[in-house]
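Visitor: Attaching a single structure in structure tokens format; questions to follow.
Read-outs throughout are calculated quantities, based only on the coordinates presented, and are distinct from any laboratory measurement. From a predicted model like this one, the values you see are computed outputs, not experimental measurements. Cβ coordinates were reconstructed from backbone atoms using ideal geometry, including for glycine residues, and neighbour counts include every protein chain displayed.
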């Protein structure tokens, strides 16, 4: 059987996987699983093993060769979805696929949802763009250089802006139509103070096992019927973003500092590593099952209640956290504006445009190359279209949260 035939059958299997199970309730779970593009973490039942036997019983050597060839041939979305389909066939396929697929830091590609919380590559940035919808107050992060004509770009993350009396929340999800904190698609949020000068990045889970939440009072109070017991009800403070006040109203771009509590400064030193989660804290299937029955109803919880505290993170033995700062622009006399070299990725002048580099001291022993490296850049290319390029040690989720802070109103900083 040729590689194309195998890939075609995988696609057909993915499309028809919702009708395999015997009971109606099971079929709903399968259909929802295909929409989320996440392989099941639970062990298959005996009936499923029988139905999957033509694929599950392939010799390991043959299976390894098939998945390797698929992974090497499909490097860009949407064709790379076939790699995800391989992980969704059965348990044996999933385990081999997880062994073969590398992290974004290693290969520079995004494959599974957990890739969005893993550090980007060292050498070249992952290039994305953000589309803002003013009518719905939503922000969509897509994988790609610029928007394509066919609207076929891969959606990575979505955020909805929620204004409160004392703060503004940006609720971040894996999908564009579900921002409930009780949903398995919820990945975190960004919260500002009343002045829009300080923001806190909250993650739905600790970024790695070496970071634990401090013991605080109960983070949320929900009715016992509102939240499924297996769904996490914690937010973990992984970073803060601070914009400097412009009291004298001097001309110039915004000045910002980002302190990333979950990334140590040692990660950019020679031989250093950044925290890399390998899986979500809970199985998507365990989270999905109780939510199927609530389809069509109002969201079970309010993800942006301003009165609920978040759980701070304390790194274990990781030392000083990484701090990012604006790369200093230069004043262009002919253009009469502040300029930065965005290498063609930003084409419209805007106060929102920025480049972030590491803020280090001589005692940190960071090489000059690392000090000059642009870890995150963000800028405008058209009406409500912005580019976002990030690399190690930031993840897509962390970079997206930092960029979202630029969209909030900051009258005291401009």
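Visitor: Relative to the present Cα-Cα distance, how much length would full extension add between residue 383 and residue 240 at 0.36 nm per residue of separation? Intermediate results must be reported in sequence, preceding the final value.
Guide: Numbers: separation 143, 0.36 × 143 = 51.48 nm, distance 2.81 nm.
Length gained, residue 383 through residue 240: 48.7 nm.
Visitor: With a point put 7 Å past each Cα toward its Cβ, work out how far residue 94 is from residue 365 in nm, to one decimal.
Guide: Label at residue 94, label at residue 365, 4.3 nm between them.
Visitor: At 7 Å along the Cα-to-beta-carbon direction for both residue 149 and residue 269, put a label point, then send me their distance in nm to one decimal.
Guide: Calculated label separation equals 5.2 nm.
Visitor: Moving on. Rounded to the nearest 0.05, what FRET efficiency do residue 68 and residue 255 have when you use their Cβ-Cβ distance and R0 = 56 Å? Could the numbers behind the result be given before it?
Guide: Numbers: r = 48 Å, r/R0 = 0.85.
Approximately 0.70, to the nearest 0.05.
Visitor: Please arrange 325, 117, 383, 161 by how many other C-beta atoms lie within 10 Å of their C-beta, fewest to most.
Guide: Details: 325 16, 117 24, 383 8, 161 19.
Lowest to highest Cβ neighbour count: 383, 325, 161, 117.
Visitor: Could you give the length gained on full extension between residue 279 and residue 198, defined as 0.36 nm per residue of separation minus the Cα-Cα distance, in nm? Each step should come with its number before you reach the end.
Guide: On the way: separation 81, 0.36 × 81 = 29.16 nm, distance 3.01 nm.
Here the segment from residue 279 to residue 198 would lengthen by 26.2 nm.
Visitor: Taking the number of other C-beta atoms within 10 Å as the exposure measure, put 153, 177, 389, 65 in order starting with the fewest.
Guide: Working: 153 19, 177 8, 389 24, 65 12.
Listed from fewest to most nearby Cβ atoms, that is 177, 65, 153, 389.
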